[in-house]
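A.B. asks: Before I ask anything, here is the structure I am working with.
Nothing in this text is a laboratory measurement; each read-out follows from the coordinates by a stated rule. What you see is a predicted model, and the numbers here were worked out from it, not measured in a lab. Here the Cβ is made from the backbone with ideal geometry for all residues, glycine too, and neighbour counts use every protein chain on show.
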Amino acid sequence: MESVYVMTGKAIWRRMTKFWGVLFGINFALGVATGIVMEFQFGMNWAYYSHYVGDIFGAPLAIEGLMAFFLEATFVGLFFFGWDRLSKLGHLIVTWLVAIGTNLSALWILVANGWMQNPVGAIFNPHTMRMEMTDFAEVILNPVAQAKVVHTVSAGYVLGAMFVMGISAWYLLRGRHIDLAKRSMTVAASFGLAASLSVVVLGDESGYLTTEHQQMKIAAMESMKPVKIASLSRYLG
């Protein structure tokens, strides 16, 4: 929306960006609050697991905090308070940096999650009783992680599009802010449709990857009887 404002100079797009930016700020604050609690849970609820895989699991989470979260936290203030202090292009760059930061947060968190599903690039050290990283690139390029990144981020886009469409529909039904609501509905519907197609394709791919790397999970998802799961476990070794 702000990109359109910078290109066209139409004030309605600036008003739309500021309006949805306030709602984004509320969601951002909730995400920060719940994310901090999640960080504490690694030590409070999963201390042994954190010790066991900390050498691998901790790296993506640390990068997420140092690179992505700090990027968001630095520029989100400029996004809200820099409208009258920055040039149009400068503020647009700030907005894009905030958006990039949020996507990078998802990337690194889902790299860690993907490693949990398909632990590549690491070996078990029997002397320390811990997993140790052997190939950081393999951890990042884990096919399960990459599929999860695109699938989850696309799902977030769909959710955001539905959020915008819902509020826009409410305004249209009430006959309020018609120009803002119509344009927002058009943008959200188009963006949401593209993201939905991505979710379908990557969701299907995630199913195939689960079949390839986590046969026992598929067996449980298919509600196989315990005897069959046990026999399958022996067959798979």
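A.B. asks: Loop-only trypsin sites (Lys or Arg not before Pro) in the range 172-229, please: DSSP not H, G, I, E or B, and at most 13 other Cβ atoms within 10 Å.
C.D. replies: Arg176
A.B. asks: Please say if the range 61-143 is rounded, prolate or oblate, where rounded means a/c under 1.5 for a ≥ b ≥ c the square roots of the C-alpha gyration tensor eigenvalues, and otherwise the choice is prolate for a/b larger than b/c and oblate otherwise?
C.D. replies: Taking the square roots of the gyration eigenvalues as a ≥ b ≥ c, the range 61-143 is prolate.
A.B. asks: How would Glu222, Glu205 line up from fewest to most surrounding beta-carbon atoms within 10 angstrom?
C.D. replies: Exposure proxy ranking, most exposed first: Glu222, Glu205.
A.B. asks: Is there a quick way to get the dipole size of the chain? I mean about its Cα centre, with the Cβ of Lys and Arg at +1 and of Asp and Glu at -1; what is the value in debye to the nearest 20?
C.D. replies: Computed charge dipole of the chain: roughly 1020 debye.
A.B. asks: Can I ask one more? Can you count the Lys pairs in the chain with C-alpha separation below 25 Å, eight or more apart or on different chains?
C.D. replies: Lysine pairs meeting the criterion: 9.
A.B. asks: What do you get for the angle between helix 143-174 and the principal long axis of the chain? Use alpha-carbon atoms, 0 to 90 degrees, nearest ten.
C.D. replies: Tilt relative to the chain: about 30 degrees.
A.B. asks: Turning to a different aspect of this structure: How high is the relative contact order of the chain, given as a whole-number percent (alpha carbon pairs under 8 Å, six or more residues apart)?
C.D. replies: Here the relative contact order equals 16 percent.
A.B. asks: Counting other Cβ atoms within 10 Å, which chymotrypsin sites (Phe, Trp or Tyr not before Pro) in the range 167-218 have at most 12 and lie in a DSSP loop?
C.D. replies: none
A.B. asks: Computed from these coordinates, which is Cα extents along the principal axes in Å: [x] 65, 36, 30; [y] 41, 41, 35; [z] 58, 44, 35?
C.D. replies: This structure yields the entry labelled [x].
A.B. asks: Next question, about the same structure. Given 0.36 nm per residue, what is the gain on full extension from Val200 to Lys88 after removing their alpha carbon distance, in nm?
C.D. replies: Working it through step by step, the gained length comes to 36.7 nm.
A.B. asks: Taking the Cβ-Cβ separation of Phe70 and Ile26 as r and a Förster radius of 25 Å, what is the calculated FRET efficiency to the nearest 0.05?
C.D. replies: 0.75
A.B. asks: Whole-Hz ³J(HN,Hα) for each residue in the range 126-142, computed from phi via Karplus 6.51 cos²θ - 1.76 cosθ + 1.60 with θ = phi - 60°, x for glycine and proline: what do you get?
C.D. replies: x, 6, 9, 6, 9, 7, 10, 6, 10, 8, 5, 4, 5, 5, 5, 8, 3
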